[in-house]
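What follows is a structure written as structure tokens; I'll ask about it next.
The values are calculated or read from the model by the stated rules, or taken from the named source; none is laboratory data. None of these values were measured; they are calculated from a predicted model. Here Cβ is always computed from backbone atoms with ideal geometry, including for glycine, and neighbour counts include all displayed protein chains. Heavy atoms of the whole protein, side chains included, go into the accessibility calculation; ligands, DNA and RNA do not. Shrake-Rupley method; radii C 1.70, N 1.55, O 1.52, S 1.80 Å.
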Amino acid sequence: MKAPSVKELLSTNATSQEVVINGWVKTFRSNRFIALNDGSTIHNIQCVVDFENFDEQLLKQVNTGSALKVTGNLIPSQGRGQSVEIQVKEIFVHGDADPEVYPIQPKKHSMEFLREQAHLRIRTNTFAAIMRVRSALSFAIHQYFQQNGFHYFHAPIVTGSDAEGAGETFRVTTLDATKPPLTEEGDVNYKEDFFGKETNLTVSGQLEAEAYAMALGKVYTFGPTFRAENSNTTRHLAEFWMIEPEVAFNDLNDNMDLAEDFMQNVIKYALENCVDDLAFLEKRLLEEEKTKPQAERSEMALIEKLKFVSSNTFKRVSYTEAFEILRNSKPNKKKKFKYPINEWGADLQSEHERFLVEKHFKCPVILFDYPAKIKAFYMRLNEDGKTVRAMDILFPGIGEIVGGSQREERLDVLKEKMKVLGIPEEELWWYLDLRKFGTAEHSGFGLGFERLVLFATGMGNIRDVIPFPRTPQNAEF
Ligand code: 4AD
Ligand code: MG
């Protein structure tokens, strides 16, 4: 007999039948009630044991974490909180979990402790809920693009370019670190390296996606990206997943429309398809917030916040307008910002982004037309000669969640920009080719997937929304 999932059993009303179910013990109360879970849902199925009918040694193996196969009758539940339960006839212990040493006990564990147990933390309700939401969001992303005529494009992971030009790349090499081959000038001779040139893990699939958009029209990537920025924050990972759509013939306004519609759609998908997990995470968050001072508590509960963001238009504001708002803001005048806003052209820090979103506009904000100096080389230069067609989406509690732009499609302007920034043409000859042959307006953006999961689950630290986080000094598991 194929064993059904807990989720299937809990939604059936076909009682008085014999069922077999596999799962892990969440709790075993009063030598009578086993709460069994198999990962299919946040809810457990209650298995009721008449201990007189069972071997004492066997029941001793029924502990939190033990894997069981339970056979019994599915009956309408006597207790509250569930519609059905299993009257147990037989228990087979696949494997037990000694309570003396098994780290995940039915009590509150700190997030820090659980991070050290990343291989087991998924057995807690919180992490199981987060990872189911993560899975649903991935599906929603593919579904959105596939239903809207986009082609899924696989960008390479090993590249020779640093698309963002920030220099924060991980080198990929097979050279011996202790005695690499040297050139006559005494530099490392990458010609002798595996790829015959210097290579690194990609920081973004954008440049390659542009090549594909210039033939397939609408493409998107969804893959891992890597950044060696040494920022130990609750928003940064060294390995994270990014979604990057790229669309031929789209200008910046089209790009903002796409990004907004896309973000709202995937959040709606989670609201409709992750009802139980979101309800659980909302409750968890409310409890966590009770321990915080009033001023730090969020104004909306999780589900309300998700509904708000998925149904209200994002506020679109130019960098220059945002700059004026920030310059004249109370925290700036009272010198409360760590980075004061005085001169036009200043890069916005997360404290500024969050002020705009959380205090000033109180809704998601799309900032556009940033100073050229603080943005990447490939963004399209505006008529004013000093701003570029960039856009960042800022979310409450997160700050920047999306970064994108209209790309510079004019060969001469792009070449000039690269010259100024010292980017050799030989390195990006193929990228320049896209401007030589059939060039056209095009735009795209990148969504940091973990920042989306962070927002959707209401979690506070990005390390808790990716299965095995990679951060400075940490690549265990
Ligand atoms: O703003 P970024 O650097 O933009 C790009 O990489 C463009 N090439 C995207 C494009 O236009 N196709 O990164 C995009 C998003 C950020 O808005 C943020 O959400 C996320 O990626 N991100 C990170 N997420 C986690 N950890 C990090 N270290 C991140 N760096 C960026
Ligand atoms: Mg950015």
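Kindly indicate whether any position in the stretch 444-453 is modelled with pLDDT of 95 or more, more than 16 Å from ligand 2 (Cβ to nearest atom) and assigned by TED's automatic domain parsing to the domain that holds R134.
Taking every residue of the stretch 444-453 in turn, at least one turns out to be modelled with pLDDT of 95 or more, more than 16 Å from ligand 2 (Cβ to nearest atom) and assigned by TED's automatic domain parsing to the domain that holds R134.
Can you tell me which residues in the stretch 151-201 are within 16 Å of ligand 2 (Cβ to nearest atom), of a type outside the set (G, A, S) and out of contact with any strand residue (DSSP E or B) (no Cβ under 8 Å at 6 or more places or on another chain)?
E164, E168, listed by residue number.
Take the residues in the stretch 392-409 that are closer than 16 Å to E441 by Cα and within 12 Å of ligand 1 (Cβ to nearest atom); name whichever of them is surrounded by the most Cβ atoms within 10 Å (Cβ to Cβ).
R407
Let me ask another. Taking the condition open to solvent by 10 Å² or more (accessible area, probe 1.4 Å), closer than 20 Å to A209 by Cα and within 16 Å of ligand 2 (Cβ to nearest atom), does K415 pass?
Answer is no for this residue.
Output the number of residues of the stretch 426-477 satisfying the condition of being away from ligand 1 (no atom under 13 Å from the Cβ), among the polar types (S, T, N, Q) and open to solvent by 20 Å² or more (accessible area, probe 1.4 Å).
Residues that pass the stated criteria total 3.
Taking the condition farther than 18 Å from M256 by Cα, open to solvent by 80 Å² or more (accessible area, probe 1.4 Å), of a type in the set (S, T, N, Q) and free of Cβ contacts under 8 Å to residues at least 12 places away in the same chain, does N342 pass?
no
May I pose another question? Among the residues of the stretch 122-138, write down those that are without any contact (Cβ under 8 Å) to a residue 24 or more places away in the chain and part of a helix (DSSP H, G or I).
S135
Sticking with this one: Looking at the stretch 223-239, which of its residues are in a strand (DSSP E or B) and either of a type in the set (A, V, I, L, M) or open to solvent by less than 20 Å² (accessible area, probe 1.4 Å) (or both)?
Matches in the stretch 223-239: G223, T225.
Hey, another quick one. Hey, can you tell me all the residues within the stretch 24-50 that are on the phi > 0 side of the Ramachandran plot and open to solvent by less than 50 Å² (accessible area, probe 1.4 Å)?
G39
Sticking with this structure for a sec: I'd like to check which helices (runs of 4 or more DSSP H) are fully inside the stretch 240-333 and have at least 3 residues that are out of contact with any Leu (no Cβ under 6 Å at 6 or more places or on another chain) and open to solvent by less than 60 Å² (accessible area, probe 1.4 Å).
By residue number, 252-273, 275-290, 302-311, 319-327.
Answer yes or no as to whether K89 is touching a Ser or Thr at 6+ places or on another chain (Cβ under 8 Å), of a type in the set (K, R) and either assigned to a strand (DSSP E or B) or in contact (Cβ under 8 Å) with a residue 24 or more places away in the chain (or both).
yes
Here is a yes/no grid of residues against (1) under 26 Å from C274 (Cα atoms); (2) of a type in the set (D, E); (3) at pLDDT 95 or above; (4) out of contact with any Pro (no Cβ under 6 Å at 6 or more places or on another chain):
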| site | (1), (2), (3), (4) |
| --- | --- |
| C47 | yes, no, yes, yes |
| N63 | no, no, yes, no |
| G81 | yes, no, no, yes |
| D96 | no, yes, yes, yes |
| Q147 | yes, no, yes, yes |
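Restricting to the stretch 24-42, count the residues that are assigned to a loop (DSSP other than H, G, I, E, B) and either touching a strand residue (DSSP E or B) at 6+ places or on another chain (Cβ under 8 Å) or farther than 19 Å from S83 by Cβ (or both).
The total comes to 5.
Here's another thing I want to ask about it. From the list T169, T173, T159, pick out the single residue that is out of contact with any Asp or Glu (no Cβ under 7 Å at 6 or more places or on another chain), open to solvent by less than 70 Å² (accessible area, probe 1.4 Å) and not acidic (D, E).
T159
Additional query: Looking only at the stretch 369-397, which residues are at pLDDT below 95 and within 21 Å of L258 (Cα to Cα)?
P396
What are the residues in the stretch 51-61 that are open to solvent by less than 80 Å² (accessible area, probe 1.4 Å) and assigned to a loop (DSSP other than H, G, I, E, B), if any?
Hits for the stretch 51-61 are F54, Q61.
Also: Filter the stretch 156-212 down to residues that are touching a residue at least 24 places away in the same chain (Cβ under 8 Å), assigned to a strand (DSSP E or B) and β-branched (V, I, T) and give me whichever is nearest to S405 (Cα to Cα).
T159
Mind checking which residues of the stretch 1-36 are polar (S, T, N, Q) and in contact with an Asp or Glu (Cβ under 7 Å, 6 or more places away or on another chain)?
Scanning the stretch 1-36 gives S5, N22.
Among the residues of the stretch 134-150, is any in contact with an Asp or Glu (Cβ under 9 Å, 6 or more places away or on another chain) and either more than 30 Å from D261 (Cα to Cα) or open to solvent by 60 Å² or more (accessible area, probe 1.4 Å) (or both)?
Among the residues of the stretch 134-150, at least one is in contact with an Asp or Glu (Cβ under 9 Å, 6 or more places away or on another chain) and either more than 30 Å from D261 (Cα to Cα) or open to solvent by 60 Å² or more (accessible area, probe 1.4 Å) (or both), which makes the answer yes.
Right, another one. Can you tell me which residue among K268, K292, K305 is modelled with pLDDT of 95 or more and out of contact with any Pro (no Cβ under 9 Å at 6 or more places or on another chain)?
Step by step, each of K268, K292, K305 is checked, and only K268 is modelled with pLDDT of 95 or more and out of contact with any Pro (no Cβ under 9 Å at 6 or more places or on another chain).
On to the next question. Only one of these conditions is not met by L356: (1) touching a residue at least 40 places away in the same chain (Cβ under 8 Å); (2) within 16 Å of ligand 1 (Cβ to nearest atom); (3) surrounded by 17 or more Cβ atoms within 10 Å (Cβ to Cβ). Which number is it?
(1)
Take R389 and decide whether it is within 16 Å of ligand 2 (Cβ to nearest atom) and among the charged types (D, E, K, R).
When the stated conditions are applied, R389 passes them.
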